[in-house]
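Peer 1: Okay, here's the structure, questions in a sec.
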Amino acid sequence: MRRAARAVRTDGEATRARILEAAGELFAASGFAETTNKAVAAKAGVDLASINYHFGSRSGLYQAVLAEAHRRVMDLADLQRLALTPLPASDKLRMLIDQLVRRATSDADGWHLTVLAGEILAPSSHIQVLFQSEVSLKIPVVTGILSEVTGIPVDAPAMLLCLLNVAAPCLLLVIGRRGIPGPPQAILKTPHDRIVEHLHRFAIAGLQAIGRDYADAAAQRGVGL
């Protein structure tokens, strides 16, 4: 009985993954509005009932695709392992930027980048669910690394601005994958290591300057850091 239960669970997980992959490819190619459950079911080789069983609705399926796309760009477990390594904060930040740039510019399994770029450029109501399920869990981990660099408490308002400054260039690379003309296209042709080196140096200089300003302001107020 236990073996039978495990087999059913494994088959269900495989079916869910197949639906998710098929939906991701179709959403990337045609968008949410133009992609039907029928088309997803046909591409995945399942019946319509399987989509409702695993995802509840077409909206639930799209939200799951967005969450999977975000995980492929920035996985929470990977972030947590990076944050806990005994490396200097600057090295952690470089590794984070390296990972984001590599995943934002990779040609492999590209549907997740296309889906994310489309949602960023034209946000729908589903982006709120993405924020709650994925983004909100990762922000404290990333700001923790930035806090190590700056010396600013992780819960200080300035940390969200620091996060924005580090994340924005990587988001621009994701959007550039949509083929929008302009600087992103030239940047995407730049060697990976050069992009990482530039973004890291720029981020470190800015974060350290903000950290010094914060420390000076705190000293003037006469409060401990």
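Peer 1: Could you work out [θ]222 nm for the chain from helices alone, using -39500 (n - 2.57) per DSSP H run of at least four and dividing by all its residues? Round to the nearest 500 deg cm²/dmol.
Peer 2: -25000 deg cm²/dmol
Peer 1: Now, a different point. According to the Cα gyration tensor, what semi-axes, each the square root of 5 times an eigenvalue, does the equivalent ellipsoid of the stretch 2-56 have, listed from largest to smallest in whole Å?
Peer 2: Its equivalent ellipsoid spans semi-axes of 24, 10, 8 Å.
Peer 1: Okay, moving on. In 10 Å bins starting at 0, how do the alpha-carbon pair distances of the stretch 135-188 split up by percent?
Peer 2: In order of increasing distance, the bins hold 24, 39, 25, 13 percent.
Peer 1: Give me the mean projected area, in nm² to one decimal, of the convex hull enclosing the Cα positions of the stretch 44-85.
Peer 2: Value for the stretch 44-85: 3.8 nm².
Peer 1: Less than 15 Å Cβ to Cβ from L199, Lys/Arg counted +1 and Asp/Glu -1: what total charge do the surrounding residues give?
Peer 2: For residues surrounding L199, the net value is +2.
Peer 1: Further question: Between 0 and 90 degrees, rounded to the nearest ten: what's the tilt of helix 58-73 against the longest Cα principal axis of the chain?
Peer 2: Approximately 40 degrees, to the nearest 10.
Peer 1: Evaluate E = 1/(1 + (r/R0)^6) for H192 and I139, where r is the Cβ-Cβ distance and R0 equals 25 Å; express this FRET efficiency to the nearest 0.05. Spell out each step's value before the answer.
Peer 2: Working: r = 25 Å, r/R0 = 1.01.
Given R0 = 25 Å and the Cβ-Cβ separation, E is 0.50.
Peer 1: Now for a separate question. Rg to Rh ratio, the stretch 57-134, alpha-carbon atoms and Kirkwood radius? Kindly include the intermediate steps, with their values, before the conclusion.
Peer 2: Numbers: Rg = 14.1 Å, Rh = 13.7 Å.
Expressed as Rg/Rh, it is 1.03.
Peer 1: Moving on to the next point. Applying the Karplus parametrisation 6.51 cos²θ - 1.76 cosθ + 1.60 with θ = phi - 60° to the phi angles of the stretch 41-53, what ³J(HN,Hα) value in whole Hz is obtained for each residue in order, glycine and proline being reported as x?
Peer 2: Once θ is set to phi - 60°, the couplings for the stretch 41-53 become 4, 5, 5, 7, x, 10, 8, 4, 4, 5, 5, 5, 5 Hz.
Peer 1: No solvent, one uniform scatterer per C-alpha: report log10 I(q)/I(0) for the stretch 34-170 via the Debye equation at q = 0.14, 0.18, 0.19, 0.22 1/Å, two decimals.
Peer 2: With no solvent term, the Cα-only Debye profile gives -0.73, -1.06, -1.14, -1.40.
Peer 1: Would you mind getting me the FRET efficiency between Q208 and Q128? Use the beta-carbon distance for r and R0 = 25 Å, nearest 0.05.
Peer 2: 0.15
Peer 1: For a protection proxy built on the mean count of beta-carbon atoms within 10 angstrom, sort 207-214, 91-98, 166-173 highest first, please. Provide the component values of the computation, followed by the final result.
Peer 2: Numbers: 207-214: 16.2, 91-98: 19.6, 166-173: 18.0.
Final packing ranking: 91-98, 166-173, 207-214.
Peer 1: Using 0.36 nm times the number of residues separating R71 and E13, minus their current alpha carbon distance, what extension gain do you get? Before the final figure, lay out each step's value.
Peer 2: Numbers: separation 58, 0.36 × 58 = 20.88 nm, distance 1.72 nm.
Answer, rounded to one decimal: 19.2 nm.
Peer 1: How much FRET efficiency would the formula 1/(1 + (r/R0)^6) give for K43 and L87, where r is the Cβ-Cβ distance and R0 is 41 Å, rounded to 0.05? Walk me through the intermediate numbers first.
Peer 2: Working: r = 43 Å, r/R0 = 1.04.
Between K43 and L87 the formula returns 0.45.
Peer 1: Next up: Using label points projected 7 Å from each Cα along Cα→Cβ, tell me how many nm separate A29 and A218, to one decimal.
Peer 2: According to this spin-label approximation, the distance is 5.4 nm.
Peer 1: How large is ³J(HN,Hα), in whole Hz, for each residue of the stretch 136-149 in order, when computed from phi with the Karplus curve 6.51 cos²θ - 1.76 cosθ + 1.60 and θ = phi - 60°, using x for Gly and Pro?
Peer 2: Coupling constants for the stretch 136-149: 5, 7, 8, 4, x, 5, 5, 5, x, 5, 5, 5, 5, 5 Hz.
No lab work stands behind these numbers, since they all come straight from the coordinates. All of these numbers come straight from a predicted model, not from anything done at the bench. Here the Cβ is made from the backbone with ideal geometry for all residues, glycine too, and neighbour counts use every protein chain on show.
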